[in-house]
Amino acid sequence: MTTKKVRELDVSELRCICDPESLPCDTTDELEPLQGIIGQERALRAIQFGLRMRSFGYNLFVAGSPGTGKKTLIRSLVEEIASQMPTPNDLVYVYNFDRPERPRAIEVPPGVASRFAGFMESLISTLVEEVPKAFKSEDFESRRSQIIQEFQITRAELTERVQVGAKERGLAVKSVGNQIITVPVLEGTEISPDQFNGLSEEVRAEIQKNQIELGDQIQETYRQIRILQQTTQEKLKDLDRTVAMIATGRYIDELRSEFKEHAELLAYLEEVQHDIIDNIGDFLDMEEDEEGAEGLSVAGSSEEDALNRYAINVIVDNSKQQGAPVITENHPTFRNLIGYSEREARMGTLHTDFTLIRPGSILAANHGFLILDLIDLLSTPMAWDALKRVLQAGEVSIQDPTDQYGLVATLGLRPSPVKVDLKVIVLGSAHIYNQLYAVDEDFQKLFKIRAEFDTVMKKNSNHLIEYARFIKTLCDKEQLRHFDRGAVAALVEHSSRMVSDKTRLTLRFSDVADLIRESDYWARENSRSVVIREDVKKAISEKAFRSNLFEERLQEMIDEGSIMIGTAGEVVGQINGLSVYQIGDYSFGKPTRLTAQTSVGEKGVVNVEREARMSGNIHDKGVLILSGYLQGKYGQQRPLSLNASICFEQSYSGVDGDSASSTELYAIVSSLAEAPLKQSIAVTGSINQKGQIQPIGGVNEKIEGFFDTCEAAGLTGDQGVIIPHQNVQNLVLHQRVIDAVREGKFHIYPVETVDQGLEILTGCSAGEPSAEGGFPADTLHGKVQLRLSEMADMVERKYRGSE
């Protein structure tokens, strides 16, 4: 039987062509710069909604491949919205006079924090100078001396009364160590204990009575002196407080007047004044230390630490901020997100206080926007959980990360928490989004907006103009040479090549921008004032050359025969499949020999790669689909009784994907029908169980890979590639392949069914089934059916013989 007419692709179907005359400019310098980003309308609407939605949990997850411009768009949109929002308050931490381990957070209007900190620093510096002066004044010294003198006079009077009472009783008062004793006196002379014992009993009794009375008087006198001392101390303290109040009141009142509209600061100043008055000695000690040190400074002295409690730790200063803050955290560790307390080494120990509290990016972005990369966030211990706690609680507590989990019980600062209200935008891939959504319940509640960036867009006139305006914008920004019509057209054509689709353009503008920069380089090397088509082509070819060393080595091995690939002749059960290799951002195709051996048996299709554990799941599925096709095609009347072994020859690194399933089927059918396959034609395409050919990826690389092999061996005019018909729109081939097709030296055949591919490869008719399900004997399927029937007979005879 004769085969049906085979369709071969025309040259016009092998690439996309951008007509330079369709562009509205001679060079991109004539165009307006691009505003915004191209082709991301869906993502744009989602982002705008999420940024303006203020309800709980409406944080954003921005998904998309690298290079699609998501960071650029997010930043520009966020900054636009943030500029229209009010500038948030400043934040300071101050000393907590009631609980020093719990520093207090105070929010003040933007710009107030740094001013207040400056005023407080000036206040303390002034008081360090002025307070000692007040305590050295003549008035203070006079009043202090008067209080002390009054004390001394009264104490002397009380002491004199004791001496008089002792003299009247014939006793003397003496101090021995810390004790007061009374000694009898006779005729003006103190008597010894022996003399006392020699006195008459009546005299001794009288003396002892007098001693008891005098002892009572002494106790009462010293009680009065102690009371007098306490009263004097209180008077001196009252004097100190009065002088301190006078010395500090004027300066603190100035601060009260300066910040009278800020109630929390006024309350804090009240506490500061009370604490200064209660601890006025700290200011006096500072002067004594300065005088004693003779100009030498001792860092970390106790007096300096004491006055340090009046410092203001400005955590967030929005004095120069216009609108809401936009913070991008490139290193989202726990400390960088939440904040931390620094520690200083002093005398062999680690010291910290409220002035060493440092903010994280969450506080810096409070009442604004925080942009994070999810991969970085998830790869840093405790950072993801910490962020979720902040979003759930609406506040951030600056603590050591070990405290969050109770790992170590430590004594340290526990700064008061700060209320937060911010929008978090995390950037990641769709794969990570799906995983987190499935396993993390909090993620679903906290990131309700998903904005996904596309990687391709439809090619139309509007998008072509936007592409040209993108070139204009980049050239102006980086002072590159502008592109002429032909260069823009070449770049657009390569954009379609990058996505393997004649009807679409890539949205990975980081790659496009690189091509623009490299094209500018080659234009400069050729002393051109504008970039032309040849410069773009040169940039493309040079980038490929920098990456194709491995590709060239493989081709050399094929040319030398180390890797066995035939491009001429016919062989039963042997066919050229096509594989794609990926090395970084560079991919290329090369042919792979695939063979099939069939015999009588009951194992069915044996996948050698799977038996060797070198086959991926998708490839295994493709082989099972192939088996289903054989059963459906040839096993309707009798069970299949065959062993069919398929193998990728000289493959040592594993096989995956189902794009070779049609290739494997062709080899099996060839082996069963003993119909030789043309080695001049390579095949790619997956199949379903109905024998329909399905599209595959990497079609351009596969075709070009086999073309290079054929060209190296010598083009005969018989060589070509069979591809799925659905992949025709993906063809954006290199010019050298197109030229060979135009000259009839190379052929590309789109097929829809297995039968069409078999007829191209063998030159024989595949055959149509009769009403009973049989095929004509002179067709491929008829020969396969006959061979399978013979195999089934052999198996049946074997079983009957064994009975």
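The values are calculated or read from the model by the stated rules, or taken from the named source; none is laboratory data. This one's a predicted model, so the numbers in the text were calculated from it and none came from an experiment. Virtual Cβ from ideal backbone geometry, glycine too; neighbours counted across all protein chains shown. These accessible areas exclude ligands, DNA and RNA; they are computed on the full protein's heavy atoms, side chains included. Shrake-Rupley method; radii C 1.70, N 1.55, O 1.52, S 1.80 Å.
Computed values, structure above
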read-out: Matching option when the condition is touching a Gly at 6+ places or on another chain (Cβ under 9 Å), over 30 Å from ASN434 (Cα atoms), among the β-branched types (Val, Ile, Thr) and modelled with pLDDT of 90 or more, among ILE315, ILE375; value: ILE315
read-out: Qualifying strands (runs of 3 or more DSSP E) (wholly inside region 417-465; at least 3 residues being open to solvent by less than 80 Å² (accessible area, probe 1.4 Å) and touching a Phe, Trp or Tyr at 6+ places or on another chain (Cβ under 8 Å)); value: 423-428
read-out: First in region 236-247 and free of Cβ contacts under 8 Å to residues at least 60 places away in the same chain, second anywhere and of a type in the set (A, V, I, L, M, F, W, C), Cβ under 9 Å, 6 or more apart; value: ARG241/ILE277; ARG241/ILE280; MET245/ILE277
read-out: Residues (open to solvent by 10 Å² or more (accessible area, probe 1.4 Å) and either touching a helix residue (DSSP H, G or I) at 6+ places or on another chain (Cβ under 9 Å) or part of a helix (DSSP H, G or I) (or both)) located in region 374-383; value: ILE375, ASP376, LEU378, THR380, PRO381, MET382
read-out: Tally, over region 139-172, of residues that are outside any helix (DSSP H, G or I) and open to solvent by 90 Å² or more (accessible area, probe 1.4 Å); value: 0
read-out: Candidates ARG15, ARG54 - the one that is open to solvent by 30 Å² or more (accessible area, probe 1.4 Å) and out of contact with any Leu (no Cβ under 9 Å at 6 or more places or on another chain); value: ARG54
read-out: Neighbours by Cβ (under 8 Å, 6+ apart or cross-chain): first from region 524-544, over 7 Å from ALA487 (Cβ atoms); second β-branched (Val, Ile, Thr); value: VAL530/THR27
read-out: Count - residues of region 329-346 that are open to solvent by less than 60 Å² (accessible area, probe 1.4 Å) and in contact (Cβ under 8 Å) with a residue 60 or more places away in the chain; value: 4
read-out: Selection status of GLU80, under 20 Å from ALA364 (Cβ atoms), surrounded by fewer than 19 Cβ atoms within 10 Å (Cβ to Cβ), out of contact with any Phe, Trp or Tyr (no Cβ under 7 Å at 6 or more places or on another chain) and of a type outside the set (Phe, Trp, Tyr); value: yes
read-out: Residue within region 714-721 that is of a type in the set (Val, Ile, Thr) and open to solvent by 10 Å² or more (accessible area, probe 1.4 Å) present; value: yes
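For every residue, the table says whether it meets (1) closer than 30 Å to TYR799 by Cα; (2) among the hydroxyl-bearing types (Ser, Thr, Tyr); (3) out of contact with any Pro (no Cβ under 6 Å at 6 or more places or on another chain).
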| site | (1), (2), (3) |
| --- | --- |
| SER587 | no, yes, yes |
| VAL600 | yes, no, yes |
| VAL605 | yes, no, yes |
| ALA612 | no, no, yes |
| GLY616 | no, no, yes |
| LEU624 | yes, no, yes |
| GLY632 | yes, no, yes |
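Residues checked against (1) touching a residue at least 12 places away in the same chain (Cβ under 8 Å); (2) open to solvent by 10 Å² or more (accessible area, probe 1.4 Å); (3) among the charged types (D, E, K, R); (4) in a loop (DSSP other than H, G, I, E, B):
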| position | (1), (2), (3), (4) |
| --- | --- |
| GLN650 | yes, yes, no, yes |
| GLU664 | yes, no, yes, no |
| VAL669 | yes, no, no, no |
| GLY697 | yes, yes, no, yes |
| THR709 | yes, no, no, no |
| ASN727 | yes, no, no, no |
| VAL737 | yes, no, no, no |
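Residue-by-condition table, conditions (1) open to solvent by less than 80 Å² (accessible area, probe 1.4 Å); (2) among the small types (Gly, Ala, Ser); (3) under 30 Å from PRO415 (Cβ atoms); (4) more than 24 Å from the chain's Cα centre (by Cα):
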position	(1), (2), (3), (4)
GLU32	no, no, no, yes
LEU60	yes, no, yes, no
ILE74	yes, no, no, no
PRO86	no, no, yes, yes
GLU107	yes, no, yes, yes
PHE116	yes, no, yes, yes
